[in-house]
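A quick write-up on the structure given underneath.
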Amino acid sequence: MVTLSIIKADTGGWVGHSAVHPEQLEEARRHVDKAKADGLLVDGQVTSCGDDLALVMTHGHGVDDPVIHEFAWNVFLATTDVAKRLGLYGAGQDLLSDAFSGNLRGLGPGYAEIEFDERPSEPVICFFADKTEPGAWNLPLYKMFADPFNTAGLVIDKNMHTGFVFEVYDLFENKRLEFTCPEDLYDLLMYIGAPARYVVHGVRSRSLGIPAAATSTQRLSLIAGKYVGKDDPVMIVRCQSGLPAVGEVLEPFTIAHTVAGCMRGSHHAPLMPVAAADATPARFDGPPRVMALGFQVKDGKLGIPRDMLADVSFDRARQTANEVMDYLRRHGPFEPHRLPLDDLEYTTMHELEGRLAERWEPLPGVTPTKPVSAADDAFAPRIGRSVH
Ligand code: F6R
Ligand code: MG
Ligand code: MG
């Protein structure tokens, strides 16, 4: 069995929240090379998407392993030191705890991990996004593993025809549910169509009984109780031979679907598929970006990554994203460009609201149900309500 882990964190941005500094990448690579030499990792590579630094690692320790997680935590501490030395923006932003304890759950960094028996040929695609949230993978995963208009194999490959099981997390109430598709298709959509709360955590094949996809499902705002930046997600998808083909896995990103994130984590904007070199949000801290590195895993080794979304066939999706961005930007601070109050994660607005509380007056001829001067929490994000 081999475990593929992507562990990522924003440990400081160059410039602002737009990218990771080359010296941070260099520092992370030094640690990863040492971990390979020491035998902790079978293989490891370092990459970045926007201001998030990601470690792509193979090892034999399984998922949620304390040693692997602590290794990643220590790498992020080291890249935070680089960020502090260079005065990078938001140094150590995603490290929400002073100390590591057991595993990374609840500590800030995001991770997607999958453990599998390596097939004779093992094509895997690792996705990285910036300026959005884990629910951004819901729509693409649905299309890859449940939509026959996207994935021809669901109709004409006997191993795929039986369908896939989706494991969905409720991030607000910390519970999970498995949907067996195609039977549970409509129920699945009922939930994952609300990606701020319900997030696909993993997908597995029914006929092969093997894991097919894994996502990072942390939400920093839920962990920290206040806005601390979007928990830009990562995802692993295995491809081919009874799983969706590489082209079926990439196809959903031609939509440039709308996600929550972008400026101040508080706006809807299109998810733009890009080459690794273009994974640097710029305009209005966006548009949110997704990049994809493909690997042919062999004996646990990652080999040379292929920049899957660099292809010219995604040019039109990039153009769509730019056009949708133009249209949404014209709404300025109005919904639906700005997120609805319940999903808004920028809690400073609540503080501003307090200043106006005394100025609200009852409507003429209507007896208010509570003292008008009491601030009614309208701008308090539901999830951060206890910490203002
Ligand atoms: C979004 C993000 C940025 C910041 C924005 C303001 O995930 O990280 O859009 O929210 O640049 O940043 P501060 O408040 O740090 O000046
Ligand atoms: Mg950031
Ligand atoms: Mg980021």
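Rule-based calculations on the coordinates, nothing more; no lab input. Everything numeric here is computed off the predicted structure, so don't read it as measured data. Because the Cβ atoms are built from the backbone with ideal geometry, glycine has one as well, and the counts that use them run over all protein chains shown.
What the table below lists for this structure:
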read-out: Across Lys36/Lys131; Lys143/Lys298; Lys84/Lys301; Lys8/Lys158; Lys158/Lys301; Lys34/Lys301, pairs whose alpha-carbon gap is larger than 25 Å; value: Lys36/Lys131; Lys143/Lys298; Lys84/Lys301; Lys8/Lys158; Lys158/Lys301
read-out: Largest-first principal axis extents of the Cα set of the range 1-96 (Å); value: 40, 23, 19
read-out: Once the Cα gyration tensor of the range 136-178 is diagonalised, semi-axes √(5λ) in Å; value: 25, 12, 5
read-out: For the chain, the longest site-free run once GluC sites (Glu not before Pro) in DSSP loop states with at most 11 other Cβ atoms within 10 Å are removed; value: 184-388
read-out: Percent breakdown of C-alpha pair distances by 5 Å bin, ordered from the shortest bin, for the range 157-211; value: 4, 21, 29, 22, 13, 7, 2, 0
read-out: Projected area averaged over orientations for the range 267-343, convex hull of C-alpha atoms, nm²; value: 6.8
read-out: Qualifying chymotrypsin sites (Phe, Trp or Tyr not before Pro) for the range 112-161 [loop in DSSP, other Cβ within 10 Å: at most 10]; value: Phe149
read-out: Alpha-carbon Rg with Dmax, taken over the chain, Å; value: 21.4, 77
read-out: Distance histogram for the range 48-196 (every C-alpha pair counted, 10 angstrom bins, percent rounded to whole numbers); value: 8, 29, 34, 20, 7, 1
read-out: For the range 197-310, alpha-carbon Rg over 2.2 N^0.38 Å; value: 1.19
read-out: Isotropic mean projected area of the C-alpha convex hull, the range 116-199 (nm²); value: 6.8
